[in-house]
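Encoded as structure tokens, the structure appears first; notes follow it.
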Amino acid sequence: MAYKAKIQVTLRPSILDVQGKAVGHALDNLGYSAVDAVRIGKYIEVTISGEDEKAAGQTADEICRKLLANTVMEDYSIELEKI
Amino acid sequence: MAEVTIGVVVFPGSNCDHDTEYAAGLFDGVKTRMLWHNDHDLQDCDMIILPGGFSYGDYLRAGSIARFSPIMREVIGFAGEGRPVLGICNGFQVLLESGLLEGALSRNRDKKFICRHVPVRVENATTIFTSLYRQGEVLQLPVAHGEGNYFAPRETVESLEANNQIVFRYCDPEGNITDESNLNGSVGSIAGIVNAKGNVLGLMPHPERASEALLGSEDGSRMFRSAIDYLAGA
């Protein structure tokens, strides 16, 4: 079985996101006064072969903790899709 | 003086490796070696330096991929034996990613890449890397980074404070710690920290770029000298 793990890594709410701020300012300059805030994160797709969804999910979680996210300042979420 | 061998790790994307080798090698009795990231052997090195640059292009996060290079397994073991490891700028980021030091570095508060000489106050002159400085001395050291905004959870910062592990802070020219002199927004104006054992130091400023009068400051050379004196006497 193969699964696609759709992983989102985002800065924790308490961490200043200067990229998001800069983009927010640009949107403000474009006249989008309705935009209140912008936060920028990463989207990562990982294809994992595993026995079942549980095993693939465990692998995805492990690689997030070990490498893809720095949990001191980032949160992550995983969505699995069978492919 | 006993001979001391200093190893400088070269990651793909390191760009301060030769400057660091040069600055560390300015002293009598010091041999230097360049250690490739794919090597598994620290050879006869008495001290390891992780230099500045953009290891692995800073892909994913600064230092995050370098941390898993073969040589880092050896460096982590070496540090575990209580032997000296110094991480400068990107090297500091690698030390944090590898868990040898606590905390993380995110983008500078004002969104800018900052490249200039800044005053830095010595908070702990008792480490093996800072013994030739005076407590509270204000150094002139260059910084060159876009992601030097040190962050750690409050409990971590409190324990760093309590254990005297904060070694350098950004300050104004008179040595005062102010919000204005905190150039990148680091928590507590932290510019450099040491591990609990005191053998692993990471800092954002570049001591190797302040190692000769010609460079505008010689304040960085005493950092290498302190560690070399320690090793020669050991």
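Is the range B:100-162 best put as rounded, prolate or oblate by its Cα gyration tensor, with a ≥ b ≥ c the root eigenvalues, rounded for a/c under 1.5, and otherwise prolate when a/b is larger than b/c, oblate when not? Before the final figure, lay out the partial values.
Values: a/c = 2.40, a/b = 1.13, b/c = 2.11.
It comes out oblate by the Cα gyration axes.
With a ≥ b ≥ c taken as the square roots of the eigenvalues of the C-alpha gyration tensor of chain B, please select rounded if a/c is under 1.5 and otherwise prolate if a/b is larger than b/c or oblate if it is not?
Note, shape of chain B comes out rounded.
For B:G148, what charge total do you get from the other residues with a beta carbon under 15 Å from its beta carbon, if Lys and Arg give +1 and Asp and Glu give -1? Walk me through the intermediate numbers first.
Working: positive: B:R61, B:R107, B:R109, B:K111, B:K112, B:R116, B:R169, B:R209; negative: B:D58, B:E97, B:D110, B:E147.
My count for the surroundings of B:G148 gives +4.
Between B:F27 and B:E180, take the C-beta separation as r, use R0 = 45 Å, and let me know the FRET efficiency to the nearest 0.05. Working shown, then result.
Details: r = 36 Å, r/R0 = 0.81.
Computed FRET efficiency for B:F27 and B:E180: 0.80.
Give me the net charge of B:F113's neighbourhood, meaning all other residues with Cβ under 11 Å from the Cβ of B:F113; Lys, Arg count +1, Asp, Glu -1.
+2
Compare B:P12, B:P207, B:P51 in a GNM of chain B, Cα atoms joined below 10 Å, and give the one with the largest fluctuation.
Fluctuation is largest for B:P12.
What's the tally of Lys pairs in the range A:2-82 whose alpha-carbon atoms lie under 27 angstrom apart, where the two lysines are 8 or more places apart or on different chains?
Counting lysine pairs in the range A:2-82 gives 16.
Report, to one decimal in Å, the Kirkwood hydrodynamic radius for the protein assembly as shown based on all distinct Cα pairs. It would help to have the intermediate numbers written out before the result.
Numbers: mean 1/r = 0.0485 Å⁻¹.
Radius from the Kirkwood sum: 20.6 Å.
With r defined as the distance between the Cβ atoms of A:E51 and B:K111 and R0 fixed at 41 Å, what FRET efficiency is calculated, to the nearest 0.05? Please list the in-between numbers first.
Working: r = 46 Å, r/R0 = 1.11.
Computed FRET efficiency for A:E51 and B:K111 comes out at 0.35.
Please identify, among B:D39, B:D19, B:D28, the residue showing maximal mean-square fluctuation in a Gaussian network model of chain B using a 10 angstrom Cα cutoff.
Among B:D39, B:D19, B:D28, the largest mean-square fluctuation in the Gaussian network model of chain B belongs to B:D28.
Extending each Cα 7 Å along its Cβ direction at A:A34 and B:D44, get the distance between those two points in nm, one decimal.
7.2 nm
Every number in this text was worked out from the coordinates using simple rules, so none of it is lab data. Every value quoted in this text rests on a predicted model; they were computed, and no experiment measured them. Counting neighbours? That spans all protein chains shown, and the Cβs are built from the backbone with ideal geometry, glycine included.
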